[in-house]
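The values are calculated or read from the model by the stated rules, or taken from the named source; none is laboratory data. As the structure is a computational prediction, the values presented were derived from the model and not from experiment. All Cβ positions, glycine included, derive from the backbone under ideal geometry; neighbour counts span all protein chains shown. Just so you know, the surface numbers come from the protein's heavy atoms only, side chains and all, with ligands and any DNA or RNA stripped out. Shrake-Rupley method; radii C 1.70, N 1.55, O 1.52, S 1.80 Å.
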Amino acid sequence: MNEQAPVTEAPVKAVPTLPDAATVLSVKHWTDRLFSFRVERPQSLRFRSGEFVMIGLMGDPDPKTGKVKPLLRAYSIASPNWDQELEFYSIKVPDGPLTSRLQHIQPGDQIILRPKPVGTLVVDALLPGKRLWMFATGTGIAPFASLMRDPEVYEKFDEVILMHTCREVGELEYGRQLIEHIKSDEILSEIEGGKLRYYPTTTREEYHHMGRVTDNLKSGKVFTDLGIDPIDPEHDRAMVCGNLGFNKDIMAILNDFGLREGANSEPREYVVEKAFVD
Ligand code: A2P
């Protein structure tokens with residue numbers, strides 16, 4: 001209920017006063033550092049699974065001019081392109097201008113959503129292949145949460161492997177529950193058709209798979225654990241989304257395996273996107 005509304009007026013639900021506003025439908029806090037939320041999808045918004053949009057909130061008034069500017073950041077859309085709602089997965093950056101406020105949103109609140117999706121983590125930017133690797137750290141799993149629910153991914157690849165590395169076990173929970181949902185949901189499990197494999201690791205807390213994915217690739221542990229052949233440029237394709245250091249290190253490994261970085265304009269064997277933070 002609008003706190004400013006006169007008591008005689010009926011409660012007003014979510015009046016769209018912001019430019020490009022989207023109403024928040026639900027919020028879930030996964031750890032003290034991570035949360036996800038779903039918003040209404042603008043009817044005109046079309047996107048390819050894996051793309052990102054700019055979202056945010058109105059900032060504080062400028063102390064000199066009194067003008068209020070929007071505070072916007074790039075966020076991967078974590079829901080697939082057929083979903084009627086949009087999902088986002090975010091870190092709570094301590095003192096981050098946007099996330100320190102965004103983490104407090106509630107159902108019925110509005111966020112700003114610029115409906116111009118872009119990005120390179122799309123199937124179109126890869127050459128045809130047999131096996132698709134998704135390499136993520138932390139909130140870098142967001143674009144893959146979208147892609148893992150997109151039928152096109154399973155039409156184009158025989159095997160899809162999500163590799164997710166986080167510091168602690170609790171930070172894997174969003175991805176773990178999503179995989180569990182995909183595997184148990186009647187429609188999603190049919191779309192996935194047993195092609196999706198999941199290899200989570202932690203680096204700072206005890207877990208059944210541990211270590212940086214980069215180290216586990218170099219040592220060959222990943223291939224042994226999954227019982228598969230090493231990466232080869234003829235059949236393997238990859239998408240990478242993590243922090244800058246991770247992206248750089250994975251790219252070097254993929255290059256060593258003979259894969260080349262592609263783009264929308266020039267599809268090749270792998271594509272990379274920075275996981276967006278405040
Ligand atoms: P580590 O704990 O060894 O730093 P962050 O929260 O800092 O973004 O990191 C998320 C996860 O990504 C952590 O498990 C972290 O491992 C891992 N990581 C960070 N940098 C790299 C890198 N350059 N190569 C591989 N893994 C990395």
* **Heavy atoms of Arg176: accessible area, 1.4 Å probe, square angstrom to 10** => 80
* Asked: How do 179-185, 161-167, 200-206 rank on mean C-beta neighbours within 10 Å, highest first?
  -> 161-167, 200-206, 179-185
* Structure fact -> Mean Cβ-within-10 Å packing, highest first, puts peptides 253-262, 231-240 in the order 231-240, 253-262
* Asked: Hey, how many Å between the Cα centroid of the stretch 225-255 and the Cα centroid of the stretch 162-186?
  -> 19
* Return the whole-Å distance between the Cα centroid of the stretch 50-69 and the Cα centroid of the stretch 87-145. => 18
* Provide the net charge surrounding Ile112, with neighbours chosen by a C-beta distance below 14 Å and charges set as Lys +1, Arg +1, Asp -1, Glu -1. => +2
* Structure fact -> For Leu34, the residues 5 or more places away or on another chain with a placed amide H closer than 5 Å to its own amide H are Lys92
* To do: Show the residues, 5+ positions off or on another chain, whose built amide H is closer than 5 Å to the amide H of Trp133.
  => Ile161, Arg237, Ala238, Met239
* **Histogram of C-alpha separations across the stretch 223-278, 10 Å bin width, %** => 23, 48, 25, 4
* Structure fact -> Semi-axes of the stretch 142-261 from the Cα gyration tensor (sqrt of 5 times each eigenvalue, largest first, whole Å) come to 22, 19, 13
* Structure fact -> Note, the stretch 27-43: 3J(HN,Hα) by Karplus (6.51, -1.76, 1.60, θ = phi - 60°), whole Hz, Gly/Pro = x, goes 9, 9, 9, 8, 9, 6, 10, 9, 8, 10, 8, 10, 10, 5, 8, x, 4
* Asked: Using the Kirkwood radius built from alpha carbon pairs, what does the Stokes-Einstein equation give as D for the stretch 7-118 at 10 °C and 1.306 mPa s, in µm² per second?
  -> 107
* How many nm is it between the label spots at Ala252 and Ile105, if each spot is 7 Å from the Cα in line with the beta carbon? -> 3.7
* Where does each of 58-68, 25-35, 142-152 land if you order them by average Cβ count within 10 Å, highest first? -> 142-152, 25-35, 58-68
